[in-house]
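> Here's a structure for you.
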Ligand SMILES: NC(=O)c1ccc[n+]([C@@H]2O[C@H](COP(=O)([O-])OP(=O)(O)OC[C@H]3O[C@@H](n4cnc5c(N)ncnc54)[C@H](O)[C@@H]3O)[C@@H](O)[C@H]2O)c1
């Protein structure tokens, strides 16, 4: 049975991705630092192992890989999905706020990928890093978040370049807006309306629409795809100005 490790699996995009893997016959190590949510999410699911750990903590990262090795003995896919959003003006982003975002969004992806690499090389497995459209296009209030995600996009290419010779594929998914707890904490009604205006498909995405692309990239169907950055964003990244006028 193929094994995936999904970080930030207690809710949102990570939980939807977990369920899609299970439907495809995989087993899933669900990692999240929110123990209560994780226990609720894992309840009733078969072929999962809930691991309550924090990907921004070095010791936890080692422990996660040790637990997965003991549970499954192999790892075929790593989905670096855990992320935090903290939107604020540059002038109010002190170094502590900056570090909190980087600790999870950037350092967490680096550490998890590096720790999982031996298992992934053995399995000729796949990594999918979750960045954001905020890493592709700048916007206000995202100096830490957007920069962390832009770095993840580039790290994906570095990893693909080095691990290709071991048969490990590494790709990046950049979600557009999805109505998860993370997004709703920082999206006011004004922002929601502005996104609808700027997105050709005219709506937010769903968790499953993200999960479908993530699981595809981890599957053998994507066996010749590596080093790619795929925006799953209703067309937001590809467009310029004028959509609302053209529609009316
Ligand atoms: N929802 C959106 O609109 C959107 C848009 C672009 C990118 N993304 C990205 O998609 C990913 C998933 O986002 P979501 O909207 O599903 O978020 P969410 O907040 O609903 O879920 C994220 C989960 O990650 C966990 N988590 C956070 N930091 C962690 C850490 N250090 N260690 C372990 N677990 C941790 C949280 O406890 C939570 O359960 C994130 O990387 C986010 O930046 C989301």
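> List the residue pairs whose Cβ atoms are under 7 Å apart, where the first residue sits in the stretch 201-221 and is over 17 Å from residue 176 (Cβ atoms), the second is within 11 Å of the ligand (Cβ to nearest atom) and not in a strand (DSSP E or B), and the two are 6 or more positions apart or on different chains.
215/17
> Among the residues of the stretch 18-31, which ones are away from the ligand (no atom under 14 Å from the Cβ), in a helix (DSSP H, G or I) and in contact (Cβ under 8 Å) with a residue 60 or more places away in the chain?
Answer for the stretch 18-31, where residues must be away from the ligand (no atom under 14 Å from the Cβ), in a helix (DSSP H, G or I) and in contact (Cβ under 8 Å) with a residue 60 or more places away in the chain: just 21.
> Check whether at least one residue in the stretch 7-17 is on the phi > 0 side of the Ramachandran plot and near the ligand (Cβ under 9 Å from one of its atoms), and report yes or no.
yes
> Against the condition within 22 Å of residue 97 (Cα to Cα), out of contact with any strand residue (DSSP E or B) (no Cβ under 8 Å at 6 or more places or on another chain) and surrounded by fewer than 24 Cβ atoms within 10 Å (Cβ to Cβ), how does residue 161 come out, does it pass?
No: the conditions fail for residue 161.
> Can you tell me which residues in the stretch 164-178 are within 16 Å of the ligand (Cβ to nearest atom) and surrounded by fewer than 15 Cβ atoms within 10 Å (Cβ to Cβ)?
Correct list: empty.
> Something else now. Go through the stretch 190-215 residue by residue and tally those that are out of contact with any helix residue (DSSP H, G or I) (no Cβ under 6 Å at 6 or more places or on another chain) and outside any helix (DSSP H, G or I).
Of the residues in the stretch 190-215, 6 are out of contact with any helix residue (DSSP H, G or I) (no Cβ under 6 Å at 6 or more places or on another chain) and outside any helix (DSSP H, G or I).
> Restricting to the stretch 35-59, name every residue that is part of a loop (DSSP other than H, G, I, E, B), near the ligand (Cβ under 8 Å from one of its atoms) and out of contact with any strand residue (DSSP E or B) (no Cβ under 8 Å at 6 or more places or on another chain).
Step one: of the stretch 35-59, the residues part of a loop (DSSP other than H, G, I, E, B) are 43-47, 53-57.
The next check asks that each one be near the ligand (Cβ under 8 Å from one of its atoms); those that pass are 53-57.
Matches in the stretch 35-59: 54, 56, 57.
> Looking for something in contact with a strand residue (DSSP E or B) (Cβ under 8 Å, 6 or more places away or on another chain) and at positive phi - is there at least one such residue anywhere in the stretch 178-186?
Within the stretch 178-186 (the criterion being in contact with a strand residue (DSSP E or B) (Cβ under 8 Å, 6 or more places away or on another chain) and at positive phi), the answer is no, since none of the residues qualifies.
Rule-based calculations on the coordinates, nothing more; no lab input. All figures in this text were calculated on a predicted structure; none of them were measured in a lab. In this analysis, Cβ positions are derived from the backbone assuming ideal geometry, glycine residues included, and neighbour counts consider all displayed protein chains.
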